Amino acid sequence: MQLFASRRTAIALIPAVALLGGAMLSGCASDDPGPGSSAGTGSSAAGQKGKTVLKIGVFGAFGMKEAGLFDQYMKENPNVVIEQNSIERNENYYPQLLNHLTSGSGLSDIQAVEVNNIAEITATQSARLMDLGKTAGVQKDAFLPWKWAQGTAKDGRTVGLGTDVGPMGICYRKDLFQKAGLPADREAVGKLWAGDWKKYLEVGKQYQAKAPGGTKFLDSASGLLAAVMGGNEKRFYDTDGKVVYKTNPVVKEAWDIAAESATAGLTAKHQQFQKGWDQGFANGQFATVSCPPWMLGYIQDKAGAAGKGKWDVAAAPKPSNWGGAFLTVPEAGKNKAEAAKLAAWLTAPKQQATLFAKRGSFPSAQTAYSDPAVSGAKHEYFGGAPIGQIFSQAAKGVPVQILGPKDLVINTNMTDVGMLQVDQKGRSPEDGWNAAVKAIDNALDQ
């Protein structure tokens, strides 16, 4: 699905072809209509007389339509017709959503929101959105606590119901590990770095000492930085909404870990979601990559048939999250009650399990983890890895994270400006940090 516009949007442009058991697993596909176009599942005019037409605004191929959920709902509710309006990239979709919320016009009955934007939505737009926590059928305890908290405003109104999450694993090349004298079994691999990202670096140094020619331990320092930071309660903002990344020791530690991966020569120096990175998968240039569920389809697509059985998935050193989205219902909508009912149904555990089985979007409803479609999920391409169990365990360990309105701006400049200079241009970690801070200050007008 998605951007560093959010990583979730970057993946939206790549068709994923991974098999999850016998079902298709994907991130967001590339075949959705372009900006402003409609991809309705029902007819636009004919046959709608006397029916309630519910429009859903999304970015990328969100997956719900493709998984057949809209058709199922319309079959169960014959007086409802669902139409999807999709804008391909979130960086185009989100500014329009803000404008429409401010003006109270041009809104769909349901609007999707990407995780990197949800803090700004809850902080500045919650009064313009329905409190979905009061909708019949919605159960707070069904969701991961940290996911529910992300969609809840300070006044206690839950304006966003979580669709999916991106709990982190580590995808690794078994064949390269074996050639470097490291264990290849996923449980043994996970134990190598369990509990500490610094252990991950130590494994990287062991790998690099006997690395097969032309390979590096990991793809990029920027990707590692994002993975380490994604597992901390406080990153860029404090509980009062103050920007604190400059003085937050957790951010500094994450920076130091990622910078060390670059200065120690452990990375293939790629920028994620760029052509060289894609080729790195195809050519076997690196042995590990930080890996949420939606990344699996991306790897299968880029590594191709030659990579089947060579890749596997192990637990990450610490629980971390990368990605996810929400559904909101604008107060200005004409069909608020019906829209809220649909949003509740789409994010219910049963539907989230279906979405995972058919599209690979990992559920934010923790009660879905006992569904056989999730708990029993294995991935053939990744050596039959029990991805349902691996990612469920990771998701339960993610802390309730403090999100800020400009998280995306800060994160993007730290990874794609500061850390990229350390990794690709050989600048010192201090110089890279200063470059990131300067870019962030300029972006935040500080």
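Quick notes on this one:
- Condition broken by ALA348, with the remaining ones in (1) under 20 Å from the mean Cα position of the chain (by Cα); (2) farther than 13 Å from LEU132 by Cα; (3) surrounded by fewer than 22 Cβ atoms within 10 Å (Cβ to Cβ) satisfied: (2)
- With respect to the conditions (1) surrounded by fewer than 21 Cβ atoms within 10 Å (Cβ to Cβ); (2) more than 19 Å from the chain's Cα centre (by Cα), LEU266 falls short on a single one, namely (1).
- Filtered by the rule that a residue be surrounded by fewer than 23 Cβ atoms within 10 Å (Cβ to Cβ) and touching a helix residue (DSSP H, G or I) at 6+ places or on another chain (Cβ under 9 Å), region 247-258 gives VAL250, VAL251, LYS252, GLU253, ASP256, ILE257.
- Test: residue in region 207-225 that is charged (D, E, K, R), free of Cβ contacts under 8 Å to residues at least 12 places away in the same chain and assigned by TED's automatic domain parsing to the domain that holds GLN279: no
- The listed residue being modelled with pLDDT of 95 or more and assigned by TED's automatic domain parsing to the domain that holds VAL115, out of ASN90, ASN79: ASN79
- Residue check for ILE121: crowded, with 20+ Cβ neighbours inside 10 Å and part of a helix (DSSP H, G or I): yes
This table checks each residue for (1) in the same structural domain as PRO429 (by TED's automatic domain parsing); (2) more than 30 Å from ALA221 (Cα to Cα).
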| position | (1), (2) |
| --- | --- |
| GLY265 | yes, no |
| LYS275 | yes, no |
| ILE299 | no, no |
| LYS310 | no, no |
| VAL313 | no, no |
| ALA343 | no, yes |
| THR347 | no, yes |
| GLN351 | no, yes |
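- In region 84-101, the residues that are in contact with a Lys or Arg (Cβ under 8 Å, 6 or more places away or on another chain) and surrounded by fewer than 21 Cβ atoms within 10 Å (Cβ to Cβ): ASN85
- Among (1) touching a strand residue (DSSP E or B) at 6+ places or on another chain (Cβ under 7 Å); (2) within 23 Å of PHE70 (Cβ to Cβ); (3) crowded, with 21+ Cβ neighbours inside 10 Å; (4) not hydroxyl-bearing (Ser, Thr, Tyr) - the single one VAL81 does not satisfy: (3)
- When we screen ASP155, ASP196, ASP175, ASP185 for residues that are in the same structural domain as PHE391 (by TED's automatic domain parsing), of a type outside the set (A, V, I, L, M, F, W, C) and surrounded by fewer than 23 Cβ atoms within 10 Å (Cβ to Cβ), the only hit is ASP155.
- Only one entry in LYS147, LYS140, LYS154 is of a type in the set (Lys, Arg) and at pLDDT below 95, namely LYS154.
- Condition broken by GLN178, with the remaining ones in (1) more than 19 Å from the chain's Cα centre (by Cα); (2) in contact (Cβ under 8 Å) with a residue 24 or more places away in the chain; (3) farther than 22 Å from VAL250 by Cβ satisfied: (2)
- Residue match in region 217-237 (condition: more than 22 Å from the chain's Cα centre (by Cα), more than 30 Å from VAL138 (Cβ to Cβ), assigned to a loop (DSSP other than H, G, I, E, B) and not hydrophobic (A, V, I, L, M, F, W, C)): no
- Annotation: of all residues in region 403-425 being at pLDDT 95 or above and of a type in the set (D, E, K, R), the one that is surrounded by the most Cβ atoms within 10 Å (Cβ to Cβ) is ASP423.
- Region 140-160 residues that are in contact (Cβ under 8 Å) with a residue 12 or more places away in the chain and under 12 Å from THR122 (Cβ atoms), paired with ones that are aliphatic (A, V, I, L, M) and assigned to a strand (DSSP E or B) (beta carbon under 7 Å, 6 or more apart): GLY151/LEU161; VAL159/LEU129; GLY160/VAL113; GLY160/LEU327
- The numbered conditions (1) assigned to a helix (DSSP H, G or I); (2) buried (at least 21 other Cβ atoms within 10 Å of the Cβ) are all true for LYS75 except (2).
- The sole residue among GLY204, GLY195, GLY162 that is in contact with a strand residue (DSSP E or B) (Cβ under 7 Å, 6 or more places away or on another chain) and not in a helix (DSSP H, G or I) is GLY162.
- Residues (out of contact with any helix residue (DSSP H, G or I) (no Cβ under 6 Å at 6 or more places or on another chain) and touching a residue at least 40 places away in the same chain (Cβ under 8 Å)) located in region 434-445: VAL437, LEU444
- Neighbours by Cβ (under 7 Å, 6+ apart or cross-chain): first from region 341-365, within 10 Å of LEU161 (Cβ to Cβ); second assigned to a strand (DSSP E or B) and of a type in the set (D, E, K, R): SER364/ASP164
- Region 370-416, residues that are assigned to a loop (DSSP other than H, G, I, E, B), farther than 25 Å from GLY304 by Cα and in contact (Cβ under 8 Å) with a residue 40 or more places away in the chain: VAL398, PRO399, VAL400, GLN401, ILE402, LEU403, GLY404, PRO405, LYS406
The values are calculated or read from the model by the stated rules, or taken from the named source; none is laboratory data. Keep in mind that what you see is a predicted model, and the values were worked out from it rather than measured. When we count neighbours, we look across all protein chains shown, and the Cβ atoms used for this are built from the backbone with ideal geometry, even at glycine.
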